[in-house]
1. Those residues that are out of contact with any Ser or Thr (no Cβ under 7 Å at 6 or more places or on another chain), at pLDDT below 90, aliphatic (A, V, I, L, M) and not in a loop (DSSP other than H, G, I, E, B), I need them from region 1-43; list them, please.
2. Among the numbered conditions (1) touching a His at 6+ places or on another chain (Cβ under 7 Å); (2) outside the structural domain of A102 (by TED's automatic domain parsing), tell me where A381 comes up short.
3. So which residues in region 394-419 are free of Cβ contacts under 8 Å to residues at least 24 places away in the same chain and in a helix (DSSP H, G or I), if there are any at all?
4. Name the residues in region 520-574 that are closer than 18 Å to V384 by Cβ, over 26 Å from the mean Cα position of the chain (by Cα) and not in a strand (DSSP E or B), would you?
5. Would it be correct to say that A192 is within 17 Å of Y359 (Cβ to Cβ) and touching a residue at least 40 places away in the same chain (Cβ under 8 Å)?
6. Please find, among I203, I244, the residue that is in a loop (DSSP other than H, G, I, E, B) and buried (at least 19 other Cβ atoms within 10 Å of the Cβ).
7. Only one residue in R564, R569, R551, R523 is modelled with pLDDT under 85 and within 29 Å of R292 (Cβ to Cβ), so which one is that?
8. Here is a list of conditions, (1) within 28 Å of the chain's Cα centre (by Cα); (2) at pLDDT 85 or above; (3) farther than 23 Å from R292 by Cβ; (4) not aromatic (F, W, Y), and L505 meets all of them except one; can you say which number that is?
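The values are calculated or read from the model by the stated rules, or taken from the named source; none is laboratory data. Not measured: the values here are computed from a predicted model. Positions of Cβ are generated from backbone atoms using ideal geometry, with glycine treated the same way; all protein chains shown enter the neighbour counts.
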Amino acid sequence: MQAITTEPAPPSHGFIEMFTPKLVTVLREGYRVEHFRADVIAGLTVAIVALPLSMAIAIASGGTPAQGLHTAIVGGFLVSLLGGSRFQIGGPAGAFIVLVAATVARHGMDGLILATFLSGLMLAAVGFLRLGTFIKFIPFPVTVGFTAGIAVIIFASQVRALFGLSLDHEPGALLEKVPALWAARTSVTPAAVGLSVATVATILALRKLRPHWPGMLIAVALAAAATTLLGLPVETIGTRFGGIPASMPLPRLPDLSPERIVEVLPAAASFALLGSIESLLSAVVADGMTGRRHRSNCELVAQGAANAASALFGGLCVTGTIARTATNVRSGAHGPVAGMLHSGFLLIFILVAAPLAAYIPLAALAAVLAVVAWNMIEKPAIAVLLRSGRGEATVLGATFLLTVFRDLTEAIVVGFALGSVLFIHRMSRATAVLAERPLVGRDLPDFENPRGSYDETLAADPDIVIYRITGALFFGATASIGSILDRIQDTHKALIVDFSGVPFLDSTGANMIEGLARKARQRGVALWLTGASRDIRRAFLTHGLKRPLVRYARSVEDALAALRREGERQGAGA
């Protein structure tokens with residue numbers, strides 16, 4: 001048996017190994033022709049998905065479609081070349097639309113580029129100082145809340161293009177934006193509404209009927225063809241921006257005057273904070289899909305280099321993108337070469353087919369972002385958190401409302417603070433149960449230990465892995481504990497995780513166990529949860545941890561007895 005405590009494990013890798021890009025790791029393992037073929041297919045698939053998204057995100061952020069493509073080409077290439085994740089795809093992300101648009105409105109495009117450059121330096125510094133581990137301590141309700149808030153703001157920013165409204169000035173704040181949009185309702189363009197509805201319908205239909213087809217690109221291409229052939233009176237990339245240049249700009253340093261740096265420093269810090277959270281969250285998603293482990297600090301250094309380089313080419317903020325990274329994994333990518341090739345394919349598009357982009361209607365790109373915004377809202381997670389209790393619901397609601405009506409950085413800070421206060425409150429209640437015990441307990445022999453004695457025969461069973469978690473399983477401990485539990489192998493028949501020594505579990509811990517359960521099921525490993533108290537078991541059930549995903553037992557011994565009976569029945573049946 002192995003006991004897991006909430007104490008952080010000592011570092012097991014040296015400095016050089018910690019910051020070695022995953023590309024080097026993949027090449028060390030041996031990179032063959034079939035691996036390159038898989039990466040080519042995955043890179044092309046991701047490029048097809050990234051093409052309309054990069055342009056749409058850039059336009060919504062207050063930039064040009066060319067800036068979005070330059071960001072994906074330069075930033076995406078460096079994220080894959082230098083990153084600590086095998087499958088991470090970098091580029092412009094919807095999560096940044098709010099911050100980027102506000103920075104452009106306040107400091108201009110030059111200020112945005114300087115802030116992006118400075119955020120790259122900050123991200124690299126955070127990585128080299130090995131602070132990436134602490135970013136994993138963001139509570140689950142906070143990430144769900146600010147993601148949903150960003151989705152609402154993204155959708156609100158696209159209403160004008162979706163309906164083809166005529167506005168002299170569109171306010172940035174939501175409370176000011178809604179009245180302005182309502183006042184312009186008489187200027188609705190029917191052709192824009194039709195294109196928006198048709199684009200959304202095409203994306204959803206292809207997702208259901210042909211899930212492996214590039215639904216977004218096909219929908220945008222059909223909208224462009226319809227606009228050109230029918231001569232629809234809608235705004236296009238050509239009429240708004242004059243098209244896309246068929247070349248890359250030359251690199252140029254932004255204005256690095258001390259006054260200008262001080263002016264944009266808060267925006268740069270916000271970019272660095274959101275970029276680190278979004279990138280590491282995307283890397284964790286890729287780990288969950290593949291069973292790999294990313295190097296968080298190496299990933300942040302790569303994100304820093306990508307942002308600094310993107311700024312040199314006049315691009316926007318770069319971060320790991322969850323949707324494109326997931327597409328990369330599902331397309332069969334072998335390693336970082338797929339991400340580098342995705343950037344190469346986008347560069348080829350600019351050099352060869354840039355004039356075609358002028359015919360794309362802005363209503364179609366707005367429809368793409370509307371679908372992205374809807375997908376960003378984690379509906380099942382929100383439902384689970386609302387059922388988990390008033391504490392999680394309060395953190396979720398506060399983070400969401402502050403994101404929508406105030407500021408993203410403020411939302412994260414307040415959400416983290418509320419999560420910490422909630423944890424302290426719950427720990428105080430859990431500690432009160434043990435208040436009558438002496439400060440220093442007696443050293444009892446194993447046979448008097450109420451959690452069960454050590455049995456060497458159980459620990460030596462190669463088919464069954466047993467872990468015991470000791471201490472509170474909360475958002476601050478899930479990273480270290482999750483990395484240990486993730487080491488289950490396909491050769492194991494069962495994994496038993498004992499919770500008899502866990503006095504408290506929050507939604508982040510429950511979400512980590514839920515991810516472990518799904519991974520175990522994919523590998524054919526039976527997961528047993530034992531010794532869970534009534535409150536902890538209720539939290540597990542709220543997060544969907546029930547049969548056939550997991551099984552419950554009162555103790556480790558009961559789980560082992562059930563496994564023996566199953567083995568005997570299977571043996572008799574054979």
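1. I16, M18, listed by residue number.
2. Going through (1) touching a His at 6+ places or on another chain (Cβ under 7 Å); (2) outside the structural domain of A102 (by TED's automatic domain parsing) one by one, A381 breaks only (1).
3. E410, V413, V414, A417
4. A532, D535, I536, R537, R538, R547, listed by residue number.
5. yes
6. None of the other options fit; the residue is I244.
7. R523
8. It is condition (2) that L505 fails.
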